[in-house]
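A short write-up of the structure that comes next.
Values quoted throughout were computed directly from the atomic coordinates according to the rules given, and no laboratory measurement underlies them. None of these values were measured; they are calculated from a predicted model. Please note: Cβ atoms are built from the backbone with ideal geometry, for glycine as well, and neighbour counts cover all protein chains shown.
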Amino acid sequence: MMIKKCIECDGEVKKSSIVNKGIVLEAWECQKCGEKYIPSREMSRYEILTGRRKTHVRKVGPIGASLKITIPKDIAEKFGIGEGELLYFEPKKEGIMMTPIDSMNKKD
Ligand SMILES: [Zn+2]
């Protein structure tokens, strides 16, 4: 959410932050009435950090000198990802894009 004007009073909004349960969230604050707006990305981060959202959240773990994550079962099924699949990680502005590349190990 990128808002330029306050929905309540049409005042100018500037980058701000709020702290809830010790978590600092990026927000937008109206310079006129003080109304605060929290971007949906920040709300998602808050829900994950407070344990309210568990679906499709994975903790990164160690495996030797590398890091590992598990793929949620429903995501694996939806995208046809099985053992032996090659996954290509691509940095994007919004995050990391993970693309399954058909593996030679696949039978179909
Ligand atoms: Zn306002």
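Per-structure values
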| read-out | value |
| --- | --- |
| Residues within segment 13-42 that are farther than 20 Å from GLU94 by Cα, in contact with a strand residue (DSSP E or B) (Cβ under 7 Å, 6 or more places away or on another chain) and among the acidic types (Asp, Glu), tallied | 1 |
| Given (1) under 17 Å from the mean Cα position of the chain (by Cα); (2) outside any helix (DSSP H, G or I); (3) surrounded by 12 or more Cβ atoms within 10 Å (Cβ to Cβ); (4) away from the ligand (no atom under 16 Å from the Cβ), number of the condition VAL24 does not satisfy | (3) |
| Residues located in segment 1-19, provided they are surrounded by 12 or more Cβ atoms within 10 Å (Cβ to Cβ) and closer than 21 Å to TYR46 by Cβ | VAL13, SER16, SER17, ILE18 |
| Residue satisfying condition, being away from the ligand (no atom under 16 Å from the Cβ) and of a type in the set (Val, Ile, Thr), within set ILE18, ILE96, ILE38 | ILE96 |
| THR50 more than 13 Å from the chain's Cα centre (by Cα), within 27 Å of ASN20 (Cα to Cα) and of a type in the set (Val, Ile, Thr) | yes |
| Residue match in segment 55-72 (condition: at positive phi and among the charged types (D, E, K, R)) | no |
| Residues located in segment 27-59, provided they are basic (Lys, Arg) and outside any loop (DSSP other than H, G, I, E, B) | LYS36, ARG41, ARG45 |
